[in-house]
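As structure tokens, the structure follows; a few thoughts come after it.
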Amino acid sequence: MLKKQKNTSLLSLFKDHPNKKEIIYLAKKDKDLKNLFLKFPDFPQFKRSKGFEGLVRLITEQQLSVASAKAIFLRIKKIIPRFSPEEFLKISTAKLQKTGLSGPKINYCRILANEIISGNLSFRSLHKLNDEKLKKRLCEIKGIGEWTAECYLLAALGRKDVWPVKDLGLQAALKEIKNLDSRPNEQEMSELASSWIPYRSIVANVLWASHD
């Protein structure tokens with residue numbers, strides 16, 4: 001009887017959610033996830049803009065706290081209100097550094113801008129690729145690694161089965177909900193998430209919510 005009440009509660013909480021089917025599927029697969037969905041029914045979706053702006057923001061966010069990265073990016077937006085590769089390249093290094101963006105990240109963003117302007121990177125073509133091919137293409141650009149490429153897939157394109165195993169926040173959240181002795185490594189992250197395929201992006205979102 002108790003189990004039925006919990007199921008009814010979950011169905012009720014997510015009856016109008018766009019990912020209701022996926023959430024119910026995941027809850028049936030993993031009781032820890034079910035409890036997490038019940039605890040965080042309003043978990044937000046990690047979203048970033050498509051294209052140059054979204055990638056610049058993700059580069060900004062590399063190895064920084066959410067609050068620090070947000071503050072830096074807002075300062076960047078203030079000096080580049082019409083955000084584009086061309087406008088970014090017009091801004092001096094000194095001015096960009098005043099926003100808090102580091103020298104290496106400024107260089108990475110400029111490399112990205114030049115890739116787009118030269119035509120070497122077409123977002124129209126990029127977005128047609130499957131997850132693995134898209135990730136591989138982005139990782140060919142200096143300054144974009146697996147985490148950045150995976151977060152672009154998840155947050156900008158809304159791909160449903162992305163699982164950033166290198167993300168420290170996800171590792172910490174998974175350690176907590178699974179009562180592990182230490183943060184799982186990348187292989188353990190993959191193994192623990194195997195039963196959540198093909199909806200691991202949804203799991204990532206609710207885990208981030210639980211860790212914030």
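The values are calculated or read from the model by the stated rules, or taken from the named source; none is laboratory data. Please read these numbers as outputs of a predicted model, since none were measured by experiment. All Cβ positions, glycine included, derive from the backbone under ideal geometry; neighbour counts span all protein chains shown.
The table that follows gives values for the structure above.
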| quantity | calculated |
| --- | --- |
| For E176: the one exception among (1) within 16 Å of the chain's Cα centre (by Cα); (2) assigned to a helix (DSSP H, G or I); (3) assigned by TED's automatic domain parsing to the domain that holds D32 | (1) |
| Flag if I79 is within 21 Å of the chain's Cα centre (by Cα) and of a type in the set (V, I, T) | no |
| Subset tally (residues that are closer than 14 Å to L96 by Cβ and under 15 Å from the mean Cα position of the chain (by Cα)) for segment 58-76 | 2 |
| Check on A149, crowded, with 18+ Cβ neighbours inside 10 Å, without any contact (Cβ under 8 Å) to a residue 60 or more places away in the chain, touching a helix residue (DSSP H, G or I) at 6+ places or on another chain (Cβ under 9 Å) and not assigned by TED's automatic domain parsing to the domain that holds S201 | yes |
| Scan of segment 115-137 for residues that are hydroxyl-bearing (S, T, Y) and either under 24 Å from the mean Cα position of the chain (by Cα) or outside any helix (DSSP H, G or I) (or both), ordered by number | S122, S125 |
| Counted residues, segment 158-198 - those being more than 28 Å from S68 (Cβ to Cβ) and either buried (at least 20 other Cβ atoms within 10 Å of the Cβ) or among the hydrophobic types (A, V, I, L, M, F, W, C) (or both) | 3 |
| Sole exception among (1) touching a residue at least 40 places away in the same chain (Cβ under 8 Å); (2) under 23 Å from K34 (Cβ atoms); (3) in contact with a Pro (Cβ under 9 Å, 6 or more places away or on another chain) for E191, by number | (1) |
| Selection count where residues are assigned to a helix (DSSP H, G or I), in contact (Cβ under 8 Å) with a residue 24 or more places away in the chain and either of a type in the set (V, I, T) or surrounded by 14 or more Cβ atoms within 10 Å (Cβ to Cβ) (or both), scope segment 39-60 | 8 |
